[in-house]
C-alpha cells in the first residue's frame, strides 16, 4: 500500500485529530518517514495553528526537504457557540468566519508555505480533507451553510492549485479527500441517521484514503475523491 511513499518524507497536518492520527499511523506502517504537525504539538517546531500564518510559516521551515506527500487533515463543523445551521435564519458572521478560516483559509495558507517544499520532479501530492456535502452539484438537502460553503471554497482552491502546479510540475497531484462518515468528534452529534455499514472507524477511513492516494492519477488532480475512489461532483 502507498508504495511510492516507502522511505519517503511525508507530512501530516492535523495529526492530533482522529483521521489525521490514523493517517500518520498508516503511513508509518507503510514505511514512510512521517512528520506530524498540530496545534497542540509539544515541540514548538511542529506546532501549527490554522489561524496564525506565522506559525504555519515556522512549521514549514522545520519540514523535511522534498516531502512526497502533504496531507491536511483538519476541519471544523461544530464547537462552542458553533453548530451547523438548519436554516438561513441561523446564519451569523462569527460562525461563517470561523468555518472559512479553518476549512478554507487555513489550508490555503498551508499550501502557500508548504507547496514549495514538494520535489519538482517525480510523483508528489498535496491533499486536504474535504466533504461530500461541499458538492454544489450534489446538494439536495441544503442547510449546513457555513460548513458546505467553506469546504466548497476549499475545493475551488484545490482546483486552482492543481491548475497552477500543472504548468511547472506536471507529475504533482492536488486532491480533496472525502473520508466518509467517521467515528470522530466531528461526526459525533450526527451519527444516529448513519447505518453501521456506512460508519467507519478512523483506521478504516485512513486505510481507504491511503488506497486513494496510491491510485490517484495526474488526470484527477484538482478533483475531490471519496474514500472509495469515486469522483465527487464539483
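The figures follow:
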{"read-out": "Estimated [θ] at 222 nm from DSSP helical runs (n ≥ 4, -39500 (n - 2.57)) normalised by residues in the chain, nearest 500", "value": "-10000 deg cm²/dmol"}
{"read-out": "Order by protection proxy (mean Cβ within 10 Å, highest first), peptides 119-127, 168-176", "value": "168-176, 119-127"}
{"read-out": "Which of 74, 230 has the fewest Cβ neighbours within 10 Å, and the rest in rising order", "value": "230, 74"}
{"read-out": "Using a Förster distance of 35 Å, the FRET efficiency for residue 88-residue 166 (Cβ separation, nearest 0.05)", "value": "0.40"}
{"read-out": "Antiparallel content of DSSP bridges confined to the chain, in %, to 5", "value": "10"}
{"read-out": "Distance histogram in 5 Å bins (all Cα pairs of the chain, percent per bin)", "value": "1, 7, 15, 20, 22, 18, 11, 5, 2, 0, 0"}
{"read-out": "Extent along principal axes [Cα atoms of region 1-138; Å; largest to smallest]", "value": "51, 34, 26"}
{"read-out": "Between helix 145-168 and the chain: long-axis angle, C-alpha atoms, 0 to 90°, nearest 10", "value": "20"}
{"read-out": "Exposure proxy order (Cβ contacts within 10 Å, fewest to most) of 151, 112", "value": "112, 151"}
{"read-out": "Model label zone, residue 204; criterion: amide N under 16 Å from point 7 Å along Cα-to-beta-carbon; scope region 2-26", "value": "19, 22-23"}
{"read-out": "Relative contact order (%) - region 3-232, alpha-carbon pairs under 8 angstrom, separation at least six", "value": "20"}
{"read-out": "Sorted by Cβ density within 10 Å, fewest first, the residues 227, 100", "value": "100, 227"}
{"read-out": "Helix 202-215 axis, angle to the chain major axis (alpha carbon atoms, nearest 10°)", "value": "50"}
{"read-out": "Peptides 159-166, 33-40 ordered by average Cβ neighbours within 10 Å, highest first", "value": "33-40, 159-166"}
{"read-out": "Cut-off 20 Å (backbone N to label point 7 Å along Cα→Cβ of residue 123), residues of region 59-78", "value": "66-72"}
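No value in this document is a laboratory result; all are computed from the given coordinates. Source: prediction; values computed, not measured. Because the Cβ atoms are built from the backbone with ideal geometry, glycine has one as well, and the counts that use them run over all protein chains shown.
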